[in-house]
Amino acid sequence: MKKILTALFALYLLVPAAYAQNNEIRPKALGVSFFLNDFLTASRIRTGSLTQVLSDKSQARLKDMTPGLAVNYFKGITKHIDVAMGLEGSFIRYPMPNKVFPNEKLLMEFNAAVNLKMVTEKYWVTPYLIMGVEAHKYIAYYGATIPLGIGIKVNFFDEAHLFITSTYRVPVTTETANYHFQHSIGVAFPLKKKLNQ
């Protein structure tokens, strides 16, 4: 019995070391990104259809979108799942249902998402699906949405990652949030270099 317990204890001590050396799991990373909020295309799709918007080429132009900046954090949980968080800010006249705002005000958003990766970290290019939750504050109004979308990460020699994402934000609080797309591009830097196996 003592031999079995000793073997299990030794195995227990080896597991964290082996896990820490897994270079297929994304290390913690901090980044910055630039994004565009697109309320116009989402509104046109909801009043018509996606097919109609695409055939009429009535998607919003860059000048119709609202820019913003974000600070991003990433951490790998498994080989195919990362957690991503972001704190975003933009000045916007938010198209809140049944309300009209005369001036642009600061929209602060915090989101947490799970990135479901198609391949592991050993590849240079990693496509992924995004599912998350987002909370925002605009003047005295609070709201929440569910971001759903796609992303791609490009690894530059484990020194930096370029990431490009596009999400569709579905309102949870229908009185204080609105449907919209958010497109972003950013760069992230690992907080600690990956260990080689």
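Ranked by how many other Cβ atoms sit within 10 Å of their own Cβ, fewest first, the residues 83, 53 fall in the order 83, 53. How big is D, in µm² s⁻¹, for the range 26-190 by Stokes-Einstein at 37 °C and 0.692 mPa s if Rh is the Kirkwood radius over C-alpha pairs? For the chosen part, D equals 199 µm²/s.
Computed as a quarter of the hull surface, the mean projected area of the alpha carbon convex hull for the range 100-190 stands at 6.6 nm².
Taking other Cβ atoms within 10 Å as a rough exposure proxy, 90, 55 sort from fewest to most as 55, 90.
Cβ-to-Cβ counts within 10 Å put 46, 93 in ascending order as 46, 93, the fewest first.
Annotation: extensible slack from residue 75 through residue 28 equals 16.5 nm (criterion: 0.36 nm per residue apart, minus Cα-Cα distance). In a fully extended conformation the segment linking residue 43 and residue 129 would gain 28.6 nm over its present Cα-Cα distance, using 0.36 nm per residue. Say the dipole of the chain comes from +1 at the beta carbon of Lys and Arg and -1 at that of Asp and Glu; which of 167, 120, 42 then lies farthest toward its positive end? Projecting each Cα onto the dipole axis, the largest value belongs to 120.
Our estimate of slack between residue 99 and residue 154, defined as 0.36 nm per intervening residue step minus the Cα-Cα distance, is 15.7 nm.
Helices in the chain, meaning DSSP H runs of at least 4 residues, each add -39500 (n - 2.57). Divided by all residues, the mean residue ellipticity at 222 nm is -5500 deg cm²/dmol.
Any read-out appearing in this document is the output of simple, stated calculations on the displayed coordinates, not a laboratory observation. Just so it is clear, the model here is predicted, and its values are computed rather than measured. In this analysis, Cβ positions are derived from the backbone assuming ideal geometry, glycine residues included, and neighbour counts consider all displayed protein chains.
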